[in-house]
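This report concerns only the one structure given below.
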Amino acid sequence: MIEVNKLNKYFGDNHVLKDIDFHVEESEVVVLIGASGSGKSTMLRCLNFLEMKNSGEIFIKGNEVNPKKDNVNEVRQKVGMVFQHFNLFPHKTVLGNVMEAPTQVKGLSKSQAKKEGKELLEKVGLAEKANDYPSRLSGGQKQRVAIARALAMKPEIMLFDEPTSALDPELVGEVLQTMKDLAKEGMTMVVVTHEMGFAREVADRVVYMHEGKIVETGAPKEIFENPKEERTQAFLSSIL
Ligand code: ADP
Ligand code: MG
């Protein structure tokens, strides 16, 4: 679904991603871990073309994407993204938020978008909140709306950037559960998270990044119980 070869990204003279090779298979859940500033968000943003790479190749479903030539908006429809801060439209209802992109970007009819939107809210357990405004929701509920909103574009890949980091601890579980359900349905996912329980349970592979490089990658059991690299060991003992 995703293949990245020798990806490099700079912000000014800050070399943030260094010769990254990375791939994600269909229906695979890859959890990306690493210290703050190691380049995890930049990596996700490059995969979604919110940031433009400086060099290297990015293939989505076998096609190389060249932001200068290709229609990045079309690619973005295949790749949904959920952020730490949900950024819901405050003046729209929950259902209105979920209907926005399909009607505005894809030109779906209102009635169809409404039907699909309601199904998605059902799926994330928020059907009864359809007509409420985001300000009435808890952080966990807002994040589940943000997930439904991303799914409304029928993406084939979902990227999550610390989706539970801004939540009160008691609200983390409901969002992780929604993500687990999605994984079970076979969604291809790349997840940046500090929730190691989620990584152990749901990830097919864990990728550890350090200072813009992928240092180690493996099954969760290997990475957590038997990390090969000293830097991975040091990172894990600092957070576990
Ligand atoms: P992580 O998500 O792992 O914490 P980031 O990808 O956010 O790391 O950041 C990696 C590096 O890139 C950091 O040094 C950060 O300061 C820098 N950086 C990230 N975004 C920008 C930006 N928009 N402009 C300039 N520097 C940035
Ligand atoms: Mg980040």
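Just so you know, all these numbers are worked out from the coordinates, no wet-lab data involved. This one's a predicted model, so the numbers in the text were calculated from it and none came from an experiment. A quick note on method: Cβ atoms are made from the backbone with ideal geometry, for glycine too, and the neighbour counts reach across all protein chains shown.
Quick notes on this one:
- For segment 70-147, the equivalent ellipsoid built from the Cα gyration tensor has semi-axes of 21, 15, 11 Å, listed from largest to smallest.
- Normalising by residue count, segment 1-41 has a Cα convex hull of 72 Å³ per residue.
- The gain in end-to-end length when the Ser55 to Ala35 segment is fully stretched comes to 4.8 nm, 0.36 nm per residue minus the alpha carbon separation.
- Backbone amide hydrogens, once placed in the peptide plane, bring His210 within less than 5 Å of Val215, excluding anything fewer than 5 places away on its chain.
- Summary of the geometry: segment 109-153 and segment 162-223, compared by the centres of their Cα atoms, lie 23 Å apart.
- Peptide packing: for 208-221, 22-35, the average count of neighbouring Cβ atoms within 10 Å per residue gives the ranking 22-35, 208-221, highest mean first.
- Among complete DSSP H helices in the chain, those whose alpha-carbon atoms stretch at least 20 Å along the helix's long axis and whose mean Kyte-Doolittle hydropathy reaches -1.0 are 169-184.
- Counting 0.36 nm for each residue step from Ala234 to Ser27 and taking away their Cα separation leaves a gain of 71.5 nm.
- Evaluated with a Cβ-only charge set (Lys, Arg +1; Asp, Glu -1), the chain carries a dipole of roughly 920 debye about its Cα centre, given to the nearest 20.
- When peptides 168-175, 113-120, 140-147 are ranked by their average number of other Cβ atoms within 10 Å per residue, the highest-first order is 140-147, 113-120, 168-175.
- Here the gap between Asn63 and Glu211, fully extended at 0.36 nm per residue and compared with their Cα-Cα distance, gives a gain of 50.4 nm.
- With contacts taken as Cα pairs under 8 Å at a separation of at least 6 residues, the chain carries a relative contact order of 27 percent.
- Only Cα pairs under 8 Å and 6+ residues apart enter the sum, and on that basis the relative contact order of segment 22-99 stands at 17 percent.
- Sequence-distant contacts, meaning Cα pairs under 8 Å at least 6 residues apart, place the relative contact order of segment 82-196 at 33 percent.
- Only beta bridges with both residues in the chain are counted; by DSSP, about 50 percent of them are antiparallel.
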